[in-house]
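Enquirer: First the structure, which I've put down as structure tokens, then a few questions once you've had a look.
The values are calculated or read from the model by the stated rules, or taken from the named source; none is laboratory data. Model, not experiment: these values are computed from the prediction. Every residue, glycine among them, receives a Cβ derived from its backbone with ideal geometry; neighbour counts consider all protein chains shown.
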């Protein structure tokens, strides 16, 4: 059987750390409570896109803008952010907000997933449905495993 290889996507947290952290601090710590205040979803997406290309100097895809916007929403609401950035037949890799407790649910089994800084990996038969469960600040979110999926306000 041929091995399925999927190149990793650029994750929102990695993009943020590359281009945004110098002005906005780790995990958006320099934003303050006004981040996104009074903005519609479309206005926040436009703001994130403009910051990515202007101040951040990034060339980004529509998917990356959607993921970056979702990451910013997670900062605004202090919720966990998780994203799947690579999938092979036996391994799934992703990003998550530092400090998040992660678990993998496959059927009725729930297993812990190690998070190193903002990156996680889990060995898994990718043909079986699985869900990543993320808990941070008393808030929990669930993400079905699939390449390019991310939490919060997905289109």
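Enquirer: If a residue must be over 16 Å from residue 10 (Cα atoms) and touching a helix residue (DSSP H, G or I) at 6+ places or on another chain (Cβ under 8 Å), how many such residues does region 49-71 contain?
Expert: 1
Enquirer: Taking the stated definitions as given, is residue 86 part of a strand (DSSP E or B) and either under 20 Å from residue 26 (Cα atoms) or in the same structural domain as residue 16 (by TED's automatic domain parsing) (or both)?
Expert: No; evaluated as a whole, the condition is false for this residue.
Enquirer: In addition: I'm trying to understand the selection: among the residues of region 23-73, which are closer than 16 Å to residue 150 by Cβ and in a loop (DSSP other than H, G, I, E, B)?
Expert: 60, 61
For every residue, the table says whether it meets (1) within 14 Å of the chain's Cα centre (by Cα); (2) in contact (Cβ under 8 Å) with a residue 60 or more places away in the chain.
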| site | (1), (2) |
| --- | --- |
| 62 | no, no |
| 75 | yes, no |
| 79 | yes, yes |
| 97 | yes, yes |
| 105 | no, no |
| 121 | yes, no |
| 133 | yes, no |
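Enquirer: What number of residues within region 104-145 are farther than 19 Å from residue 13 by Cβ and surrounded by fewer than 16 Cβ atoms within 10 Å (Cβ to Cβ)?
Expert: 15
Enquirer: For region 90-141, enumerate the residues that are in contact with a helix residue (DSSP H, G or I) (Cβ under 7 Å, 6 or more places away or on another chain) and not in a loop (DSSP other than H, G, I, E, B).
Expert: Across region 90-141, the qualifying residue is only 95.
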